[in-house]
Amino acid sequence: MNHTPCVALGITLLSQPLLAAESGFFEDAKASLSARNYYFSRDFSDIVGANQQSKAEEWAQGFILDFKSGYTPGTVGFGVDALGLLGIRLDSSPDRVNSGLLPVHSDGRAAGEYSRLAPTFKARVSKTELRIGELQPNLPVLTFSDIRLLPPTYQGASISSAEFNGLTLQAGHLSSTHLRNEGGDDKLNAMLGHVPMRQAASDAFNFVGGDYAFNANQSSASLWYGQLEDIYEQGFIGLKHSKPVGDWVLSANLGYFTAREDGDALLGRIDNQAFFSLLTARQGGHSFHVGYQGIYGDSPFPRVFANITPLGNEVPTYEFAYTDERSYQVRYDYNFAAMGVPGLTATVRYITGNNVDTGLGYEGKDRERDLDIGYAVQGGVFKGLGIRVRNAMARSNYRSDIDENRLILVYTWQLF
């Protein structure tokens with residue numbers, strides 16, 4: 001990677017106090033540095049054969065520098081953000097690559113390191129903001145997926161507005177993506193269900209939509225549209241509601257997607273509708289969840305590669321979003337702060353799916369069990385350290401079985 005633009009950007013950022021010391025550009029700036037140590041192991045125990053990889057196992061160290069400036073004074077305020085990413089290989093081998101932590105070279109070996117430093121220019125008028133450059137949108141039609149060593153990003157322009165009470169509107173045009181385990185930019189690809197569609201690439205992803213909070217912020221409604229040009233277009237409508245009932249807080253998250261092919265239809269005809277529901281009851285440290293998800297139409301659920309889906313039954317390993325699938329979830333969370341141990345949390349969940357149209361003449365079925373335990377140090381010299389352990393077991397009769405373990409340590413410094 002050519003680091004000359006990175007050095008130039010760094011010099012520009014460091015010179016800002018001289019140019020804008022009295023303006024608030026730097027006075028309101030924030031910067032943090034996160035060190036993320038990530039071990040990932042995924043065993044595809046049912047894959048056999050000399051030419052098929054049966055395990056992905058890698059260990060890497062990542063660093064994430066996040067700088068956000070303030071705004072210059074005046075009716076229109078200007079600013080610049082910068083995101084710096086560095087990934088370093090700690091352990092890998094050609095027979096264990098493709099964990100999503102590290103790039104893979106043409107010789108089948110993981111890169112020793114990869115990096116990226118990119119700016120985002122921003123302008124603000126009242127409660128409306130324009131952003132151009134490196135973006136990390138988190139939308140129902142494009143969910144932010146910071147689930148590996150380093151986060152993905154997109155390149156383009158977006159505008160958001162909160163001028164009206166309770167209503168947030170957003171729109172944008174994204175022209176390329178930086179994947180979670182790469183340093184450069186790529187065109188945009190799609191996934192259908194769990195299958196990457198690398199045979200076709202799009203030049204842009206466009207989105208527009210909004211969220212409206214009402215009922216004293218206990219309820220919100222969402223309406224969104226996304227378009228992966230010449231591949232698919234997708235609409236979303238969602239409703240969230242939360243209400244205290246005695247010592248309990250009851251909430252519901254409902255969503256409905258519809259998708260079809262777009263423009264030149266580079267992946268052919270797409271016909272998908274998806275409904276999800278997740279109902280939650282919380283009391284003290286306890287949270288109980290039940291969910292139902294249904295995939296309808298002749299196609300799996302479409303999304304941008306390699307993002308997670310926003311569906312209610314999206315979990316670390318399977319997404320339960322293949323053609324005609326119906327899936328059911330039970331989940332339990334406990335926050336040990338209720339027992340006097342703040343920072344310690346645990347999650348266990350089980351999802352089962354059936355009715356999958358495999359196209360192979362039989363009904364597809366799958367299931368997954370996940371266990372997550374996390375702890376964030378609350379004080380002392382190690383404040384800012386977070387530890388997460390994840391174990392997943394996934395089984396299917398139409399895709400690979402998976403046994404997965406992750407160990408993630410994150411330490412964050414607030415630089416200023």
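The values are calculated or read from the model by the stated rules, or taken from the named source; none is laboratory data. What you are looking at is a predicted structure, and each value in this text was computed from that prediction instead of being measured. With ideal geometry, Cβ positions are generated from the backbone for all residues, glycine too; neighbour counts draw on all protein chains shown.
Odds and ends about this structure:
- Test result for Asp186, at pLDDT below 95 and in contact with a strand residue (DSSP E or B) (Cβ under 8 Å, 6 or more places away or on another chain): yes
- Condition met for Tyr292 (surrounded by fewer than 20 Cβ atoms within 10 Å (Cβ to Cβ) and hydroxyl-bearing (Ser, Thr, Tyr)): yes
- Every listed requirement among (1) of a type in the set (Ser, Thr, Tyr); (2) surrounded by fewer than 18 Cβ atoms within 10 Å (Cβ to Cβ); (3) within 16 Å of His194 (Cβ to Cβ) is met by Thr258 save one, (3).
- Candidates in segment 366-388 are the residues that are closer than 19 Å to Trp413 by Cβ and of a type in the set (D, E, K, R); of these, the one that is surrounded by the most Cβ atoms within 10 Å (Cβ to Cβ) is Arg388.
- Cβ-Cβ under 6 Å pairs, at least 6 apart or on other chains, segment 295-309 side at pLDDT 95 or above and of a type in the set (D, E, K, R), far side surrounded by 17 or more Cβ atoms within 10 Å (Cβ to Cβ) and outside any loop (DSSP other than H, G, I, E, B): Arg303/Met191
- Close Cβ contacts (under 9 Å, 6 or more residues apart or on different chains) running from residues in segment 206-221 that are closer than 14 Å to Ser242 by Cβ to residues that are buried (at least 16 other Cβ atoms within 10 Å of the Cβ) and among the β-branched types (Val, Ile, Thr) comprise Ala213/Thr168.
- Restricting segment 289-304 to residues that are among the aromatic types (Phe, Trp, Tyr) and assigned to a strand (DSSP E or B), the residue that is farthest from Gly193 (Cα to Cα): Tyr292
- Of the strands (runs of 3 or more DSSP E) lying entirely inside segment 305-404, those containing at least 1 residues that are of a type in the set (S, T, N, Q) and farther than 28 Å from Ala200 by Cα are 326-335, 344-357, 385-396.
- Residues that are among the β-branched types (Val, Ile, Thr) and assigned to a loop (DSSP other than H, G, I, E, B) within segment 234-288 comprise just one, Ile270.
- Residues being in contact (Cβ under 8 Å) with a residue 24 or more places away in the chain and either basic (Lys, Arg) or in contact with a helix residue (DSSP H, G or I) (Cβ under 7 Å, 6 or more places away or on another chain) (or both) - total across segment 346-383: 4
- Considering segment 280-317, the residues that are hydroxyl-bearing (Ser, Thr, Tyr) and closer than 19 Å to Asn189 by Cα include one that is nearest to the chain's Cα centre (by Cα), namely Thr309.
- Tallying residues that are in contact with a Phe, Trp or Tyr (Cβ under 7 Å, 6 or more places away or on another chain), under 14 Å from Val304 (Cβ atoms) and not aliphatic (A, V, I, L, M) within segment 144-175 yields 1.
- Tally of residues being of a type in the set (A, V, I, L, M), surrounded by fewer than 19 Cβ atoms within 10 Å (Cβ to Cβ) and in contact with a Lys or Arg (Cβ under 9 Å, 6 or more places away or on another chain) across segment 316-365: 2
- Within segment 156-203, tally of residues that are within 16 Å of the chain's Cα centre (by Cα), within 25 Å of Ala111 (Cα to Cα) and either assigned to a loop (DSSP other than H, G, I, E, B) or of a type in the set (S, T, N, Q) (or both): 6
- Screening Ala265 against (1) loosely packed, with under 15 Cβ neighbours inside 10 Å; (2) closer than 12 Å to Pro140 by Cβ leaves a single unmet condition, (2).
- Output for segment 18-59, where each listed residue is at pLDDT below 50, surrounded by 14 or more Cβ atoms within 10 Å (Cβ to Cβ) and either under 23 Å from the mean Cα position of the chain (by Cα) or not hydrophobic (A, V, I, L, M, F, W, C) (or both): none
- Count of residues meeting criterion [over 29 Å from Asn405 (Cα atoms) and surrounded by 15 or more Cβ atoms within 10 Å (Cβ to Cβ)] in segment 70-101: 9
- Against the numbered list (1) under 30 Å from Thr345 (Cα atoms); (2) touching a strand residue (DSSP E or B) at 6+ places or on another chain (Cβ under 6 Å); (3) not β-branched (Val, Ile, Thr), Gln234 comes up short only at (1).
- Verdict on Tyr225 being surrounded by fewer than 18 Cβ atoms within 10 Å (Cβ to Cβ), in a strand (DSSP E or B) and under 20 Å from the mean Cα position of the chain (by Cα): yes
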